[in-house]
Number of protein chains: 2
Amino acid sequence: MSRTPPTRSSTGPIRLGPQAHAALRPSVAAAVTSGFWHDRRRVNAQVGIPQGPALLEAAGNLHNLRLVAGDAEGSFVGDYPFQDTDVYKWLEAASWQLAQDAAAGRGTSALAAEVDRIAALVAAAQQEDGYLNTWFQSGKGEGRYSDLRWGHELYCAGHLIQAAVAHHRATGRAELLEVARRFADQIDATFGPEGSGKPLDTFDAHPEVETALVELHRETGEPRYLELAAYFVDRHGHGAHGHEPYCQDRVPLREADTVEGHAVRQLYLLAAAADLAAETGEPALAEACARLWHAMVATKTHLTGGVGAHHDKEDFGDPYELPNERAYCETCAAVASIQFSWRMALLTGHARYSDLIERTLFNGFLAGMSLDGESWLYVNPLQVRDGYVDAGGDHSSRRTRWFRCACCPPNVMRLLGSLEHYLATTDGRGVQLHQYASGRFEGEAHGLPIIVSANTDYPWQGRIEITVEETPVQPWTLSLRIPQWCTEYTLVHADGGEPVDGVVLDDGWLRVGRAWAPGQQVVLELEMRPRLVVADPRVDAVRGCVAIERGPLVHCLEQQDQPGGGLDAVTIDPAVPLAVKERPDLLGGVVTVVAGGQRHTLPDAGWWPYAPATDTTATADSRAPGRAMELTAVPYYAWANRGTGSMRVWLPTG
Amino acid sequence: MSRTPPTRSSTGPIRLGPQAHAALRPSVAAAVTSGFWHDRRRVNAQVGIPQGPALLEAAGNLHNLRLVAGDAEGSFVGDYPFQDTDVYKWLEAASWQLAQDAAAGRGTSALAAEVDRIAALVAAAQQEDGYLNTWFQSGKGEGRYSDLRWGHELYCAGHLIQAAVAHHRATGRAELLEVARRFADQIDATFGPEGSGKPLDTFDAHPEVETALVELHRETGEPRYLELAAYFVDRHGHGAHGHEPYCQDRVPLREADTVEGHAVRQLYLLAAAADLAAETGEPALAEACARLWHAMVATKTHLTGGVGAHHDKEDFGDPYELPNERAYCETCAAVASIQFSWRMALLTGHARYSDLIERTLFNGFLAGMSLDGESWLYVNPLQVRDGYVDAGGDHSSRRTRWFRCACCPPNVMRLLGSLEHYLATTDGRGVQLHQYASGRFEGEAHGLPIIVSANTDYPWQGRIEITVEETPVQPWTLSLRIPQWCTEYTLVHADGGEPVDGVVLDDGWLRVGRAWAPGQQVVLELEMRPRLVVADPRVDAVRGCVAIERGPLVHCLEQQDQPGGGLDAVTIDPAVPLAVKERPDLLGGVVTVVAGGQRHTLPDAGWWPYAPATDTTATADSRAPGRAMELTAVPYYAWANRGTGSMRVWLPTG
């Protein structure tokens, strides 16, 4: 792999080491300045992140820290051994937000004070030898590292490390990083291969510490952390946890041929493997990551980018087992999928990884947060039935203020807080725009900085104006990802509208290699005609159905928008052309897609819902024609913001 | 409801009291003498039940009883607080088997000795005050009745009572009944409404004690047991368990409009409610039972009769949420469904309840036991994918010798052991044949006994010869259920083949009211042509699919029988007529259905399994024609008896 590593590093997640075997590196000094993602991030900054401390206080997480520090009376509050991670993920989110605010020159004193206060609670809770876990320290769990199948101690350590790395990168301050190092050293002294003299030769059944240790290595330069990460990744699949798929222990990663078990665990493990492959350059590990990514995407990913088919054990299902109403598609799994895919994008330079990131960001991920930033979805199904009974709990299809198991909300916060770092890269020979958002992105060529800015109303419009703000005089390559959903596009000079010549389409990348001048502007226009999509016939759950997409957005029907109410009796007529309707009044301002359909009379099947097939019912176009109606489809990310009601992504054609 | 209660009672389950408000009573002295069910019951008698004690010993259940009796060292073995029920259900099954053997004049000394031995272990484990639960007595659980959400103490008591009642009915002996009474009295002294002076006003979140207490009342005449059962049933739905659907506590039963929560819990509760409605005659309770039965069958029952859509929490799903590969359809839920439906059949006299029983018995229930009686399925899906990965555990689609949670096998044993009592009834004015099996069934009219015998090769053939063996001289009515799946039938005199005249079809019952003479014989012929069935369009999981049925049997494709292997690429052509093929060589001897189909070339979709619809792909008949092939469908009950492999009940038409 020919590489020309850039000389400067990103200030966001995944600061690849100077010798990393990666095709791309995250853009240095990226910023999102307006438009769709800027609006979502503003909600995160103004509502999401600021509400964190009060919610963590109410849920007992901060009390638990004070409790084990000796600064509070009582006992552990909460049901799970991993509750400290809610605090750590919030600290990570807030740290990225501090960096973002600092880069934008905004005052951040209130947030900075909260970060200081909560980081101090964490530091005070740490034990003398570096260990830190309030569940076990409070006596709720029995015996340190005695239950690595369920105890989540290293998982918690991983999130602490991630928070500390973010805090250090964002603020330059070392207090939290020091806490993380002491814990990492305690873990390093405890876990190791048989014969190493370390007491425990096993791993935490919930991965996270692995990818965190790679980042800690990147931040500190300490090789022991990289070695420890590699040891943990390699330890999977040898039976330490009974070869359970749930524990990512059925087979070693390098031998696996599909993703399986708990989706978040699988994806955090794969993110670590991709991190290691980048740092070590091991081909077998990189190949395993690519193979498993492809198996996941080709056979186990919902149209929304959501993954994890099973509620039971939060598992991946079998290939093509992609249910609608019981799609688990945990919000955390969307975050984990993006983290894994982004590392693969950096490692390989292939555009398809960012295709999946785009789909997941705009759909399966973003649906997890309400439009107002105040409530959440833990699971993200593709269908809610007319007869849905809300039994409450974390897995409700009604948005919830906070969960008993509150892993998802701060996971959304930390990804939104650092999103600018997932949009553009440099390979030392130019800039690659992976996602389209209005902002500034810095890359490098010939050892000199490049700054490009983008201006767009994406995803509502397909026009993206790209301006070269700063450039070396020598030629370099601007690479623009042509999304996998896009079949028509143009690239023209803003000045005059002439097509840009010498452009090459290279496996999803539109490459513009040429000399650039400051102020030069090109316009990429992606055709945004709405479309119907169908699934591979092996996806049994959506046989005889189509879905509506426009640009990167998957759409859905919500019953609130359809004349006559519920969706049980509604079919779509694929022969009626789709139309686009701007609706600034709806759901914070969306572009809807209007389709033609029918409302049928529901059969009165008596007491048994199955019947002998007749000539007319043995095929899918079985129903008598219904009453013609207009169907209004809204972007999936905006569903469930108007109370409860039925919803469908996949629409029957008959 | 006009009733003429018969003067004698069944010796099987549900011995209705003399004043019961029920339309029908179980046949007195029923026997199955040959044919399909006789063969299945012989496997149960010769393999299933005899293997019980060794399996219960190996799993620790008997050790646990000895442990708390002070006759063993060590600690509780097993993971669940309800493990005593495996012993109790086996005792119930063995007791029914003893009764069956005695009625057939067979020697039973070995089984009787095992029953005596294990009943003595149970008696020895009981505490002075009547309490008995090895989980709590061994200290594994903390504090009697302290965790009624999960402790299962009354659930265990219920199965002990059922075993004791069966033992008493079967053998006339009182030792085990005395153990059950002492426990019931302890429970009665502990639980009662506020103000009753009893310490606990709540209920066990897993119903079973309720229906058991009704049977104990029937066996002993003690009214307190009936009152206690009514108290427990009424206590549901008022928030004692946080209104959780899982605990059957969301709403009171009389206000519910659908079945919900844990399927087995719901159905055991409903069985108790139907028992109470029969004993008390309360119309509101009978109406609620009928309403919930209809909601379950019309919207939440799989084609196999299986119920419980969710693995997660073993719950019912939403209406029409009936997945194939993730159908949970626990074997115990099939047993519970049959128990509830049979009580409704007795209560109301309606044929539809026995229609569902027939469907469940031959399909969703029977699939739970292997052909050789040595291994089991806990869950009974309607599809196993080509890419299925067996992660082992209780919920595997591979048959298992015994489960960690071994509730299902002894549940199958006890239902098969008492099956003759679910086949025929009397209303004091004649005999009703609900199910067709070769055997003898006794009823009553004019206060005098009627004995009819049936001779049939059902379900392989539709011919049923019915002989009146013993009859009063006065007229009485022979009622024959015409199965819901059957659209053509004839009833003729065996002597000469003339149609029987004066016959009335009355809501599923063919009524033959006339004077009969001993030896008189009629022949019912049910047309057994194989058929394709389709589902209500709201059953999204099977859109564009048909299933194959013949008589009461649902069929499936197993990959072993199809040329070319896996099922992912196979479609059925509904235009090709179905054929029947007798296969004495296959699966213990079955009649297969042969259909026409195609094997397609699977799409190579690249890395993303969704694509824009074209004119040809937006409808269900989208695939290019494949290679014509013959499909061989076997009865669903016999699947998974030839190792692992893919399986489908619902077959795509395109």
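Can you tell me which condition B:Ser95 does not meet? The list is (1) open to solvent by less than 10 Å² (accessible area, probe 1.4 Å); (2) outside any helix (DSSP H, G or I), and all the others hold. Just one mismatch for B:Ser95, condition (2). Annotation: of all residues in segment B:549-572 being in a loop (DSSP other than H, G, I, E, B) and surrounded by 19 or more Cβ atoms within 10 Å (Cβ to Cβ), the one that is nearest to the other protein chains (Cβ to nearest Cβ) is B:Asp568. Picking from residues in segment A:6-37 that are out of contact with any helix residue (DSSP H, G or I) (no Cβ under 9 Å at 6 or more places or on another chain) and surrounded by fewer than 17 Cβ atoms within 10 Å (Cβ to Cβ), the one that is farthest from A:Asp275 (Cα to Cα) is A:Ser34. Among the residues that make up segment A:241-260, is at least one of them open to solvent by less than 10 Å² (accessible area, probe 1.4 Å), out of contact with any Ser or Thr (no Cβ under 7 Å at 6 or more places or on another chain) and basic (Lys, Arg)? No, segment A:241-260 has no match at all. Where strands (runs of 3 or more DSSP E) fall entirely within segment A:379-454, those with at least 2 residues that are open to solvent by 10 Å² or more (accessible area, probe 1.4 Å) are at A:438-445.
In summary, A:Glu142 fulfils each of the numbered conditions (1) without any contact (Cβ under 8 Å) to a residue 60 or more places away in the chain; (2) closer than 30 Å to A:Arg42 by Cα with the single exception of condition (2). Does B:Ala595 satisfy the criteria of being at pLDDT below 90 and within 14 Å of chain A (Cβ to nearest Cβ)? Taking the combined requirement at face value, the residue does not satisfy it.
Taken over segment B:311-329, the residue count meeting the criterion of being touching a Lys or Arg at 6+ places or on another chain (Cβ under 8 Å) and more than 8 Å from every other protein chain (Cβ to nearest Cβ) is 2.
Residue by residue, here is whether (1) outside any helix (DSSP H, G or I); (2) out of contact with any Phe, Trp or Tyr (no Cβ under 6 Å at 6 or more places or on another chain); (3) in the same structural domain as A:Phe203 (by TED's automatic domain parsing); (4) not β-branched (Val, Ile, Thr) holds:
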site	(1), (2), (3), (4)
A:Thr85	no, yes, yes, no
A:Ala102	no, yes, yes, yes
A:Ala123	no, yes, yes, yes
A:Ser146	yes, yes, yes, yes
A:Leu160	no, no, yes, yes
A:Phe183	no, yes, yes, yes
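Residue-by-condition table, conditions (1) open to solvent by 50 Å² or more (accessible area, probe 1.4 Å); (2) of a type in the set (Phe, Trp, Tyr):
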position	(1), (2)
B:Glu128	yes, no
B:Phe136	no, yes
B:Tyr145	no, yes
B:Gly158	no, no
B:Ala205	no, no
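Results for (1) acidic (Asp, Glu); (2) over 24 Å from B:Thr360 (Cα atoms), shown as yes or no for each residue.
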| site | (1), (2) |
| --- | --- |
| B:Gln560 | no, yes |
| B:Ala569 | no, yes |
| B:Asp573 | yes, yes |
| B:Arg583 | no, no |
| B:Leu587 | no, no |
| B:Thr592 | no, no |
| B:Arg599 | no, yes |
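Among the residues of segment B:496-530, not one is within 14 Å of chain A (Cβ to nearest Cβ) and part of a strand (DSSP E or B). Residues of segment A:595-615 that are open to solvent by less than 20 Å² (accessible area, probe 1.4 Å) and more than 27 Å from B:Ile572 (Cβ to Cβ): A:Ala595, A:Gly596, A:Gly597. Looking across segment A:387-404, just one residue is within 12 Å of chain B (Cβ to nearest Cβ) and β-branched (Val, Ile, Thr), and that is A:Val389. With respect to the stated conditions, A:Ala240 is assigned to a loop (DSSP other than H, G, I, E, B) and aliphatic (A, V, I, L, M). Just one of the listed residues (B:Val503, B:Val546) is assigned by TED's automatic domain parsing to the domain that holds B:Thr471 and surrounded by 15 or more Cβ atoms within 10 Å (Cβ to Cβ), and it is B:Val503. Annotation: A:Asp540 fulfils all but one of (1) surrounded by fewer than 20 Cβ atoms within 10 Å (Cβ to Cβ); (2) farther than 30 Å from A:Leu448 by Cα; (3) among the charged types (D, E, K, R); the unmet one is (1). The residues of segment A:437-458 that are touching a Lys or Arg at 6+ places or on another chain (Cβ under 8 Å), farther than 18 Å from A:Thr477 by Cβ and of a type outside the set (Asp, Glu) amount to a single one, A:Thr456. In segment B:283-298, the residues that are within 15 Å of B:Gln266 (Cα to Cα) and at the interface with another protein chain (Cβ under 10 Å from one of its Cβ atoms) form Cβ pairs under 6 Å with partners that are of a type in the set (S, T, N, Q) and open to solvent by less than 30 Å² (accessible area, probe 1.4 Å), at six or more places apart or across chains, as follows: B:Ala295/B:Thr258.
Quick check on segment A:599-619. Is at least one of its residues in a strand (DSSP E or B) and among the aromatic types (Phe, Trp, Tyr)? Yes, because at least one residue in segment A:599-619 is in a strand (DSSP E or B) and among the aromatic types (Phe, Trp, Tyr).
Within segment B:471-495, being in contact with a Leu (Cβ under 6 Å, 6 or more places away or on another chain) and either open to solvent by less than 70 Å² (accessible area, probe 1.4 Å) or within 14 Å of another protein chain (Cβ to nearest Cβ) (or both) holds for B:Pro472, B:Leu480, B:Ile482, B:Cys486, B:Leu491. Among the residues of segment A:358-386, the ones that are under 21 Å from A:Trp293 (Cβ atoms) and within 13 Å of chain B (Cβ to nearest Cβ) come to 4 in all. Residues of segment B:185-203 that are assigned to a helix (DSSP H, G or I), open to solvent by 10 Å² or more (accessible area, probe 1.4 Å) and out of contact with any strand residue (DSSP E or B) (no Cβ under 7 Å at 6 or more places or on another chain): B:Asp185, B:Gln186, B:Asp188, B:Ala189.
The set of residues in segment A:638-649 being more than 17 Å from A:Val389 (Cα to Cα) and either open to solvent by 10 Å² or more (accessible area, probe 1.4 Å) or in a loop (DSSP other than H, G, I, E, B) (or both) consists of A:Trp639, A:Asn641, A:Val649.
The values are calculated or read from the model by the stated rules, or taken from the named source; none is laboratory data. The structure presented is a predicted model; accordingly, all values stated were derived computationally and were not measured. Please note: Cβ atoms are built from the backbone with ideal geometry, for glycine as well, and neighbour counts cover all protein chains shown. Heavy atoms of the whole protein, side chains included, go into the accessibility calculation; ligands, DNA and RNA do not. Shrake-Rupley method; radii C 1.70, N 1.55, O 1.52, S 1.80 Å.
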